[in-house]
Each structure stands twice: as C-alpha cells, then as structure tokens.
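Novice: The structure under discussion is supplied below as structure tokens; questions concerning it will follow.
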Amino acid sequence: MCLKVVIPGSLERRRSKNRKWYKRLRSLSKFDETNKELPAYQEIERQGIQMTHIPKFYGMVDTNRGRGMLLELIQNEDGTRARSLRDHLDQAKDINRYEKPLLELGQYLIESALVIRDFSVRDLLVKEFRDGHLKMYVVDGFGGHTMIPLNRIRIFAHAAARRRVRRFFRNIAQRYPGLSALETKL
C-alpha cells in the first residue's frame, strides 16, 4: 500500500507559483489535492467503475503529517516499484511499445467517463510484466475543477474525458514525436 500525504510547505509553494494572481489569493485548502481527489474516488466507487487503470483507494488515515490517502502501491510484476511514464519515455529505445498501453488507458478513461484534471507524463505509472507488456495507471489529478460540475452528467463526462485524453496525446506527441499517431487512433 501507498500513503499519499501533503508534504509540509508544498501548498504554500503551489499557491505562490500560480500564474494567475487572483488564484494566489485563495486559501491553502484550495491547493490541497486530497480535497479534490477524495470526492472523485468516492464518486468512482459509487458508480462502480472498475479500477483497472487507477490505484485502488482504501480510505483516509491520520498520520503525523496530517490526513493521508491510503492507496494501492503500483508495482511491476517482479515486485519493484513502477516508474513514471516520463522516466520510461526519456530512457526508451523503442518508444512505439508505449502506444498500445496509452491507447488502452485513453479508452478506459473515456469509457469510464473519468476526467483527469492535470494530465501529465509524471502522473502516469507504467507497470511492467515479465512477458514484456505494459499497463498504465493514472495516480494523480482526479477530480474536476469546474465551477459548474457538468462532469457528473455522464454524457458531458464522456465528452470532457475524450477532450482531456486527446489534449494529453497531443502534448505527448509534441515532446515525443514517435507517439504522434496516438490522437488519430482514439
């Protein structure tokens, strides 16, 4: 299992580095990702969505650093910790092997109508299996930040999930041109 807690001082840094001046006026609690992710996990559970590409959520626990989320630890089949997609892509000899698992993840998010807030290659972990196949897990960015929560209505959530996945694939293609065909295959 994995415990996700807010690192002391990170909320202050996140607020001070915000590009929009008016967002820097918000309270620190608005920068706490747990406040956004907890309701998203509860909604996933309520809807009965299969957690095939996201870590399982086991609940909240009190720690000496405050409340934390107890989550499944994503590990490779050999027991080592899974690394981020960014680590994999930056060191990849064959970048094409990441296309199929990325498409599977994109399809999962769209079919499940899961909208990821800030999609990034750092927020995906790659689980490696002994037979060589890969599986992607989203570990950060759950929960929307819209003023009007239309993402609770399934048809809007599907459309929003598709837009976010396509935008993510475009961003990947800009940095890793070997994956430029991703967006057209979705």
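Novice: Considering only the range 55-69, how many residues are open to solvent by 40 Å² or more (accessible area, probe 1.4 Å) and either free of Cβ contacts under 8 Å to residues at least 12 places away in the same chain or of a type in the set (A, V, I, L, M) (or both)?
Specialist: Summing the residues that are open to solvent by 40 Å² or more (accessible area, probe 1.4 Å) and either free of Cβ contacts under 8 Å to residues at least 12 places away in the same chain or of a type in the set (A, V, I, L, M) (or both) in the range 55-69 gives 4.
Novice: Still on this structure: Take ASP32 and tell me if it is open to solvent by 50 Å² or more (accessible area, probe 1.4 Å) and among the acidic types (Asp, Glu). It would help to see each step written out before you state the result.
Specialist: On the way: open to solvent by 50 Å² or more (accessible area, probe 1.4 Å): no; among the acidic types (Asp, Glu): yes.
So ASP32 does not fit the description; no.
Novice: Return the residues of the range 85-107 that are open to solvent by 20 Å² or more (accessible area, probe 1.4 Å) and either of a type outside the set (D, E, K, R) or under 20 Å from ARG163 (Cα atoms) (or both); say none if nothing qualifies. Before the answer, list the steps.
Specialist: Initially, the range 85-107 is screened for residues open to solvent by 20 Å² or more (accessible area, probe 1.4 Å), giving 86-87, 90-97, 99-100, 103-104, 107.
GLN91, ALA92, ILE95, ASN96, GLU99, LYS100, LEU103, GLU104, GLN107, listed by residue number.
Novice: Oh, and also: Of everything in the range 1-29, what is in a loop (DSSP other than H, G, I, E, B) and surrounded by fewer than 17 Cβ atoms within 10 Å (Cβ to Cβ)? Give them in sequence order.
Specialist: Filtering the range 1-29 down to residues in a loop (DSSP other than H, G, I, E, B) leaves 1, 5-9, 17-20, 26-27.
Correct list: MET1, VAL5, ILE7, PRO8, GLY9, LYS17, ASN18, ARG19, LYS20, ARG26, SER27.
Novice: Turning to a different aspect of this structure: Considering the range 74-84 alone, what residues qualify as being open to solvent by 40 Å² or more (accessible area, probe 1.4 Å) and under 14 Å from the mean Cα position of the chain (by Cα)?
Specialist: Residue satisfying the conditions is ARG83 alone.
Novice: Every residue in the range 128-175 that is modelled with pLDDT of 90 or more and of a type in the set (Ser, Thr, Tyr), please.
Specialist: The answer is TYR137, and nothing else.
Novice: Would it be correct to say that ARG170 is open to solvent by 70 Å² or more (accessible area, probe 1.4 Å), farther than 29 Å from GLY48 by Cβ, part of a helix (DSSP H, G or I) and not aromatic (Phe, Trp, Tyr)?
Specialist: Working: open to solvent by 70 Å² or more (accessible area, probe 1.4 Å): yes; farther than 29 Å from GLY48 by Cβ: yes; part of a helix (DSSP H, G or I): yes; not aromatic (Phe, Trp, Tyr): yes.
When the stated conditions are applied, ARG170 passes them.
The values are calculated or read from the model by the stated rules, or taken from the named source; none is laboratory data. Please read these numbers as outputs of a predicted model, since none were measured by experiment. We place every Cβ from the backbone using ideal geometry, glycine too, and count neighbours over all the protein chains shown. Protein only, heavy atoms only, side chains kept; ligands, DNA and RNA dropped before computing areas. Shrake-Rupley method; radii C 1.70, N 1.55, O 1.52, S 1.80 Å.
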